[in-house]
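The next block holds one structure in the form of C-alpha cells; read it before the comments.
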Amino acid sequence: MFNLSTQDVVLSIENAPLVNINGKYYQEYRDFFGKGLLDQLKNLGKLNLVPLEKQEKSSRSRVDEKEEIIKKLKILFMHRPITKTLEKKFNTDLKFESVDIWLDNIGYYMGPHIDDSRIKLAVQIYLGDDNIGTSLFDDDNNALKTFQYESNTGYALLNTKDSRHGPAGEVTKGTRKSVYVRYR
C-alpha cells in the first residue's frame, strides 16, 4: 500500500509549481492522495479525538496519535522520497516532525498567523467538500490567495516571516476535516 501511496504523493508534489506571492512560497495540490488511502481517510469511522496543543479551548480536535490511521500517515510522510521531493521543490532541508488529522467544528476560527518557528514547512490536505479553505494574508490581513476546500486538495507552505495564513473565515457548517503535516 505505501509504495503506491508514496508514489501518488511524490507525483502530486513534483507536478505542482512552486509559487511566490509577496514572500509566501507555496504549492497548491489537486488529487494529492491515491484512491486507496483517500478512501481510508474519508471513512474514518469512530476514532478517539483529543484537543490540539495550544488550541484546547477552540472548536478544533485531532485524531489521537495512537489510532492506526495516524501511525500509517506518520510512516507515509516520514518516507524519504516524499521528504526529498519537498526539499527539492522548496530548496531547503526538511525533517518530518508530525502529522495530525484535524476536525474543525462549527465556531472554529483562527485569525491570520505565522506558524511556530520550529515548523519549516506545513502541508494541509482537505478531506471533505463544502467548507472553508485556507487563505494567505498580507500584513494588513487582506487575503491574497485562498485554497478552496475540496476533497483531496490542499497546499504546502514554507514558514517564513511573511507566511501569514489562516482559515478563510469561521466554520459555520459541518466539520472541516484535513490532514496537517509539519516538517522542521
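Every number in this text was worked out from the coordinates using simple rules, so none of it is lab data. Here the structure is a predicted model, which means the values were calculated and not measured. Note that we place each Cβ from the backbone using ideal geometry, even for glycine, and neighbour counts take in every protein chain shown.
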Positions within segment 64-110 being of a type in the set (A, V, I, L, M), over 14 Å from the mean Cα position of the chain (by Cα) and not in a helix (DSSP H, G or I), in sequence order: Leu94, Ile106, Met110
Working only within segment 134-152, note down all residues that are in a loop (DSSP other than H, G, I, E, B), on the phi < 0 side of the Ramachandran plot and either buried (at least 21 other Cβ atoms within 10 Å of the Cβ) or of a type in the set (Lys, Arg) (or both). Tyr149
Specify which of the listed residues (Ser163, Ser135, Ser178) is closer than 23 Å to Ile13 by Cβ and without any contact (Cβ under 8 Å) to a residue 60 or more places away in the chain. Ser135
Among the residues of segment 11-38, how many are among the charged types (D, E, K, R), assigned to a helix (DSSP H, G or I) and touching a residue at least 12 places away in the same chain (Cβ under 8 Å)? 1
Among the candidates Asn91, Asn48, residue that is on the phi > 0 side of the Ramachandran plot and among the polar types (S, T, N, Q): Asn91
Flag for Tyr149 being aromatic (Phe, Trp, Tyr), within 21 Å of Arg30 (Cβ to Cβ) and in contact (Cβ under 8 Å) with a residue 24 or more places away in the chain: yes
The one condition in (1) small (Gly, Ala, Ser); (2) in contact (Cβ under 8 Å) with a residue 24 or more places away in the chain; (3) out of contact with any helix residue (DSSP H, G or I) (no Cβ under 6 Å at 6 or more places or on another chain); (4) farther than 25 Å from Gly111 by Cβ that Ser58 fails to fulfil: (4)
Which condition does Val50 not pass, out of (1) in a strand (DSSP E or B); (2) crowded, with 19+ Cβ neighbours inside 10 Å; (3) hydrophobic (A, V, I, L, M, F, W, C), if it passes all the others? (2)
Could you please give the count of residues in segment 166-175 that are part of a loop (DSSP other than H, G, I, E, B) and either crowded, with 23+ Cβ neighbours inside 10 Å or without any contact (Cβ under 8 Å) to a residue 60 or more places away in the chain (or both)? 1
Within segment 73-93, the residues that are touching a Phe, Trp or Tyr at 6+ places or on another chain (Cβ under 8 Å) and crowded, with 17+ Cβ neighbours inside 10 Å are Leu76, Phe77, His79, Thr83, Leu86, Phe90
